[in-house]
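J.: Here it is: the structure, laid out below.
The values are calculated or read from the model by the stated rules, or taken from the named source; none is laboratory data. From a predicted model like this one, the values you see are computed outputs, not experimental measurements. Because the Cβ atoms are built from the backbone with ideal geometry, glycine has one as well, and the counts that use them run over all protein chains shown.
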Amino acid sequence: MSWEPVIGLEVHAQLQTYSKIFSGAPTAYGAAPNTQACAVDIALPGVLPVMNRQAALLAVKFGLAVDARVNPRSIFARKNYFYPDLPKGYQISQYEIPIVAGGELFIDTAQGRKRIGITRAHLEEDAGKSLHEDFHGMTGVDLNRAGTPLLEIVSEPDMRAPAEAVAYLRKLHSLVRYLEICDGNMEEGSFRCDANISVRPMGQTQLGIRTELKNINSFRFVERALEFEIARQIEVLEDGGTVAQETRLYDPATDETRPMRSKEEAHDYRYFPDPDLPPLVITAADLEQARESLPELPDTRRQRFVTEYELSETDAAQLTAEKDTADYFEQALAANACNHRLMANWVTGELASWLNRTDTPISESKVSPSMLGELVRCIQDQTVSGKTAKAVFEAMWHGDGTAGEIIEARGLKQILDTEIIEQAVVEVIADFPAQVAQVRAGEEKVLSFLVGQVMKATSGKANPRAVNEILRQKLCS
Amino acid sequence: MPHRYSLSTLRDMLRQGEISSVELTRHFLERIERFTDLNAFITVDAEGALAAADTADQAIAQGSQAPLIGLPIAHKDIFCTRGILTSCGSKILSNFISPYDATVVEHMHRDGAVLLGKTNMDEFAMGSSNETSFFGPVRNPWDRARVPGGSSGGSAAAVAARLVPAATGTDTGGSIRQPAAFCGLTGLKPSYGRVSRYGMIAFASSLDQAGPLAQSAEDAALLLASMAGFDPRDSTSMTQVTPDYEATLEMDLTGLKLGLPREFFDESVDGQVLQGVRDALTIFEQMGAQLIDVELPNSAAGIPCYYVIAPAEASSNLARFDGVRYGHRAADCEDLLALYEKTRAEGFGEEVKRRILIGTYALSAGYYDAYYLKAQKIRRIIAEDFDRAFKQCDIIAGPTAPTSAFGLGEKAEDPVAMYLNDIFTNTVNLAGLPALSLPAGFDHSGLPIGLQFIGRFMDEGRLLGAAHRYQQVTNWHQQLPEGF
């Protein structure tokens, strides 16, 4: 039998606000434990939450960007459970009426563009952190993170393969960064993902029993955890068993998932509207303000890159996947009016490979957009050949100066003067009579040997195309 | 004897230099010391009070006109007060020193009041007799064998015995008005949102309001003016500017329509209480007010509705008392679950546990719709009843409680009988309206009878004015229990 996986993702994106969602304490990451938790965050008796409007506006931006409905009145609810890092004994979240409902996102799959529905996105507060390792026989509690604003984005179960889940996650990651509502830092936990996964016989419409996967906080883990879990569920079903509805934890060390808690012992969270917080009202003016603050979105930008810069779909997709990359590309073009496709090749090729190799974010590239722009212009006006340009790029990366400075200092300027090239060609013809004879006899591929010799004679500075043309002229006439 | 004077009179005496704040403070501290048998206070801060009084005297000498300058007051132990114990009447907070002041505490401090101490109360304000306090029951100064009412029983007993000229209370279902009635005081529960709840330990967030327990409407007006006002730290506080309550005290009663709900004058009310209330209303009629019959047909649903919503909210509000960050923590717990279970089992009293259980049940999956959601619907219907009644009248009047003060221990073992004591008060909290209890005479046992006035939303001024006019022609409110 062939099986079809059904996947839905829940993403927690930490909203980029200065202060917490219900208190004035700062949200900055990495401070000493409990130094960024105020009376409200540690839930002293008598304290009350006050909504941070900025967090709401960021959620509205997201709603508009995924073409969702923004509820004019959403309700905060209390999710009740006991845990030491949950100071109030309840988490303030949204339950029945979330701020954002019913959106969509499009991903690229091998079969083409695919729509992934977004069920809802709601505002909630983060919990603190329990530190089990640092204190012998005890647990420490750090409440710095308690009250950090989160947007929980819940997808429809629309994905049918781990690769689709990863594509959706990447798209969402790109989007929240485009919107500047979340820094997307997965290592620091600002962008976290849980997955709901079930399998069913191909063709069946009814959903299978699902499990929920936790701790899959990298694109790679999402894919691996899902692959493992799909295989596990299929094995259970093919052995005639049933999948238990449970929460499972992914262990990257063993590349397995294992049960965390089963649904039977699941909490009854006793959700009810939080009486301390009035409904969150989003006015037409708020919507307008959010709309005005929307940047050009990834899909729109990608289309514009295709039409405005005449780039291929692939290049446009690659360049616009991350806002910083697209910004870099356009800044480099703006600084130096040069060929769009050539620039695209350099950004997605040499630059991307250096960034990758050195694990550098593009925003911190050693070669700035204007520096790359200058180099690409030098290639375009034939000051240097493409090959030499790579050496110039490397020198720029290592801080040796701008393209112009390096070309000048190292005498890398390409020889375009045909008289000089002709002279070198004549000398090579004289030095290699045997090979010349072979070319004349029709052995075309020996020509490249002679080109190589001319390049060598000019220390690689001769324009390769000119060398080729002149050689042909001399030998074939 | 300074304790024979009202807060307003003492204010004038202080300003005219007839007495100093230090003298006043000493006098009341001595009385607190003398009448500890009432068990009205949980904490007395003599040192802090005398220092504050000294500061106030210097300010008065420099011409300070602060509204409460130099006046001794007490706070119910539900308000967080920086540096001194805030127990909320519970073992679980019996070691809790708040690092911050509640907004109400801040306001009254700003206005120059001198804090003598923190008054006893039912544990987490859950009770109508002050018998659920971890610190023991409070005795009613009018009859020490009787309860002072609850949950603000400590404040009520303290003011009735003139251990302090006035005090603060909180009212979730009648906790200011019923003790005011039982102790012969004027107590006001403001409209929901009039006074900030920040720093007031939550019982039922959508019902809780702070207000004054005072000797007269005039004194209550003075206190309310200080307590009230928008607070950006409380999202449910109202932005309206606080009116000048003292200025509107001298209101004209001519044509004032007092609505008497049929449901508040039935056979469930003690005959003497009913008579006292009727007599008081006759005086209002003589002063030009009009008495008209109104209906509150759904008021019987108030008790069951209240006893779903209040415990539901409480079950969640009290979850923070877990022994992890502050308060009582059980010793020798083998794991996390044991820490929670033992801490809460030891830290909470019976009534608090009962309400946490009721509330947890009401919010549970499968019961939520039948209880919590249903109660919310009834709550709206009750509010609509009031809206309709207020189309016919300006103030709704009736007894505050069905009886005068009952005996200590009389209802302690019967929660439902205890809950029924709130029958005329808790619908007011459900509707978020302001209401006041004022003394309307005594029954044959010499126990005070309370008349309740319920007003339109944010219409506290009218309630205070009407009560004040009545107090200008009666002297019930000036009576002191024997021996005080």
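J.: Quick one: in the stretch B:83-103, of everything that is under 17 Å from A:ILE42 (Cα atoms) and among the small types (Gly, Ala, Ser), which residue is surrounded by the fewest Cβ atoms within 10 Å (Cβ to Cβ)?
T.: Checked the stretch B:83-103; the qualifying residue surrounded by the fewest Cβ atoms within 10 Å (Cβ to Cβ) is B:SER98.
J.: Inspect all residues belonging to the stretch B:59-66 and state whether any of them is crowded, with 22+ Cβ neighbours inside 10 Å, at pLDDT 95 or above and either on the phi < 0 side of the Ramachandran plot or away from every other protein chain (no Cβ under 14 Å) (or both).
T.: Here is the first cut: in the stretch B:59-66, the ones crowded, with 22+ Cβ neighbours inside 10 Å are none.
Checking the stretch B:59-66: not a single residue is crowded, with 22+ Cβ neighbours inside 10 Å, at pLDDT 95 or above and either on the phi < 0 side of the Ramachandran plot or away from every other protein chain (no Cβ under 14 Å) (or both).
J.: I'm trying to understand the selection: among the residues of the stretch A:80-95, which are within 19 Å of B:SER206 (Cα to Cα) and facing another protein chain (nearest Cβ under 10 Å)?
T.: A:ASN80, A:LYS88, A:GLY89, A:TYR90
J.: Could you pull out the residue among A:GLU238, A:GLU265 that is modelled with pLDDT under 90 and not aliphatic (A, V, I, L, M)?
T.: Working: A:GLU238 fails: modelled with pLDDT under 90.
After applying the criteria, what remains is A:GLU265.
J.: Quick check on my filter: what residues within the stretch A:310-339 are part of a helix (DSSP H, G or I), farther than 23 Å from A:GLU374 by Cβ and either touching a Leu at 6+ places or on another chain (Cβ under 8 Å) or among the small types (Gly, Ala, Ser) (or both)? Lay out the reasoning, then the answer.
T.: Restricting attention to the stretch A:310-339, the residues satisfying the condition of being part of a helix (DSSP H, G or I) are A:313-320, A:323-335.
Filter once more, so that each one left must be farther than 23 Å from A:GLU374 by Cβ: A:313-314, A:316-317, A:320, A:323.
Residues satisfying the conditions are A:ALA316, A:ALA317.
J.: For the stretch B:410-484, give me every one of the helices (runs of 4 or more DSSP H) that falls completely inside it and has 1 or more residues that are modelled with pLDDT of 95 or more. Talk me through it step by step, then tell me what you get.
T.: Working: elements: B:415-419, B:426-431, B:460-473.
In the stretch B:410-484, B:426-431, B:460-473 are the helices (runs of 4 or more DSSP H) which contain 1 or more residues that are modelled with pLDDT of 95 or more.
J.: Suppose we filter the stretch B:436-482 for residues that are touching a Pro at 6+ places or on another chain (Cβ under 8 Å) and closer than 30 Å to B:GLU30 by Cβ; how many remain?
T.: Here the count works out to 8.
J.: Here are B:GLY347, B:GLY323: which of them is at positive phi and either in contact (Cβ under 8 Å) with a residue 24 or more places away in the chain or in contact with a His (Cβ under 6 Å, 6 or more places away or on another chain) (or both)? Give the derivation first.
T.: Working: B:GLY347 fails: at positive phi.
Going through B:GLY347, B:GLY323 in turn, just one is at positive phi and either in contact (Cβ under 8 Å) with a residue 24 or more places away in the chain or in contact with a His (Cβ under 6 Å, 6 or more places away or on another chain) (or both): B:GLY323.
J.: Sticking with this structure for a sec: Just to be sure before I move on: is A:SER74 crowded, with 21+ Cβ neighbours inside 10 Å and within 13 Å of A:LEU277 (Cβ to Cβ) in the structure I sent?
T.: Values: crowded, with 21+ Cβ neighbours inside 10 Å: yes; within 13 Å of A:LEU277 (Cβ to Cβ): yes.
So A:SER74 fits the description; yes.
J.: Using the structure shown, decide if B:VAL308 is over 24 Å from the mean Cα position of the chain (by Cα), within 14 Å of chain A (Cβ to nearest Cβ) and crowded, with 21+ Cβ neighbours inside 10 Å. I'd like the intermediate steps shown before the answer.
T.: Values: over 24 Å from the mean Cα position of the chain (by Cα): no; within 14 Å of chain A (Cβ to nearest Cβ): yes; crowded, with 21+ Cβ neighbours inside 10 Å: yes.
No.
J.: Could you say which residue among B:GLU351, B:GLU285, B:GLU341 is assigned to a helix (DSSP H, G or I), surrounded by fewer than 18 Cβ atoms within 10 Å (Cβ to Cβ), of a type in the set (Asp, Glu) and more than 13 Å from chain A (Cβ to nearest Cβ)? Write out each step before concluding.
T.: Numbers: B:GLU351 fails: surrounded by fewer than 18 Cβ atoms within 10 Å (Cβ to Cβ); B:GLU341 fails: more than 13 Å from chain A (Cβ to nearest Cβ).
Exactly one of B:GLU351, B:GLU285, B:GLU341 is assigned to a helix (DSSP H, G or I), surrounded by fewer than 18 Cβ atoms within 10 Å (Cβ to Cβ), of a type in the set (Asp, Glu) and more than 13 Å from chain A (Cβ to nearest Cβ), namely B:GLU285.
J.: Considering each of A:LYS20, A:LYS61 in turn, give the residue that is basic (Lys, Arg), away from chain B (no Cβ under 11 Å) and touching a strand residue (DSSP E or B) at 6+ places or on another chain (Cβ under 8 Å).
T.: Numbers: A:LYS61 fails: touching a strand residue (DSSP E or B) at 6+ places or on another chain (Cβ under 8 Å).
It is A:LYS20.
J.: Please go through the stretch A:27-51 and pick out each residue that is out of contact with any strand residue (DSSP E or B) (no Cβ under 7 Å at 6 or more places or on another chain) and either crowded, with 22+ Cβ neighbours inside 10 Å or within 13 Å of chain B (Cβ to nearest Cβ) (or both). Talk me through it step by step, then tell me what you get.
T.: Filtering the stretch A:27-51 down to residues out of contact with any strand residue (DSSP E or B) (no Cβ under 7 Å at 6 or more places or on another chain) leaves A:28-32, A:35, A:37-45, A:47-48, A:50.
Of everything in the stretch A:27-51, those that are out of contact with any strand residue (DSSP E or B) (no Cβ under 7 Å at 6 or more places or on another chain) and either crowded, with 22+ Cβ neighbours inside 10 Å or within 13 Å of chain B (Cβ to nearest Cβ) (or both) turn out to be A:ALA37, A:CYS38, A:ALA39, A:VAL40, A:ASP41, A:ILE42, A:ALA43, A:LEU44, A:PRO45, A:VAL47, A:LEU48, A:VAL50.
J.: Here is a check on your reading of the model: is A:VAL141 under 26 Å from A:SER93 (Cα atoms), within 14 Å of chain B (Cβ to nearest Cβ) and assigned to a strand (DSSP E or B)? Walk me through how you get there before you give the answer.
T.: Details: under 26 Å from A:SER93 (Cα atoms): yes; within 14 Å of chain B (Cβ to nearest Cβ): yes; assigned to a strand (DSSP E or B): yes.
Yes; evaluated as a whole, the condition is true for this residue.
J.: Just need a number here: residues in the stretch B:354-395 that are away from chain A (no Cβ under 13 Å), β-branched (Val, Ile, Thr) and either closer than 28 Å to B:PHE321 by Cβ or not in a helix (DSSP H, G or I) (or both).
T.: Result for the stretch B:354-395: 1.
J.: While we're here: Of all residues in the stretch B:67-82 being within 14 Å of chain A (Cβ to nearest Cβ) and crowded, with 20+ Cβ neighbours inside 10 Å, which is farthest from B:ASP171 (Cα to Cα)?
T.: Step one: filter the stretch B:67-82 for residues within 14 Å of chain A (Cβ to nearest Cβ), giving B:75-82.
So of that shortlist, the ones also crowded, with 20+ Cβ neighbours inside 10 Å come out as B:75-81.
Values: B:HIS75: 13, B:LYS76: 11, B:ASP77: 13, B:ILE78: 11, B:PHE79: 13, B:CYS80: 16, B:THR81: 19 Å.
The qualifying residue farthest from B:ASP171 (Cα to Cα) is B:THR81.
J.: If a residue must be among the small types (Gly, Ala, Ser), within 14 Å of chain A (Cβ to nearest Cβ) and in contact with a helix residue (DSSP H, G or I) (Cβ under 6 Å, 6 or more places away or on another chain), how many such residues does the stretch B:311-337 contain? Even if it seems obvious, please write down each step before you answer.
T.: Step one: of the stretch B:311-337, the residues among the small types (Gly, Ala, Ser) are B:312, B:314-316, B:319, B:323, B:327, B:330-331.
When the remaining residues are screened for being within 14 Å of chain A (Cβ to nearest Cβ), the result is B:312, B:314-316, B:319, B:323, B:327.
Restricting the remaining residues to those that are in contact with a helix residue (DSSP H, G or I) (Cβ under 6 Å, 6 or more places away or on another chain) gives B:312, B:314-315, B:323, B:327.
Count: 5.
J.: Then there is this: Quick check on this structure: which one of A:ILE118, A:ILE92 is under 27 Å from A:ASP268 (Cα atoms), outside any loop (DSSP other than H, G, I, E, B) and within 21 Å of the chain's Cα centre (by Cα)? Working first, answer last.
T.: Values: A:ILE92 fails: within 21 Å of the chain's Cα centre (by Cα).
Of the residues listed, the single one that is under 27 Å from A:ASP268 (Cα atoms), outside any loop (DSSP other than H, G, I, E, B) and within 21 Å of the chain's Cα centre (by Cα) is A:ILE118.
J.: A further question follows. Among the listed residues B:LEU291, B:LEU281, B:LEU258, B:LEU296, identify the single one that is within 21 Å of B:ILE381 (Cα to Cα), at pLDDT 95 or above and touching a strand residue (DSSP E or B) at 6+ places or on another chain (Cβ under 7 Å). Let's see the steps before the verdict.
T.: Details: B:LEU291 fails: within 21 Å of B:ILE381 (Cα to Cα); B:LEU281 fails: within 21 Å of B:ILE381 (Cα to Cα); B:LEU258 fails: within 21 Å of B:ILE381 (Cα to Cα).
Only one candidate passes the filter, namely B:LEU296.
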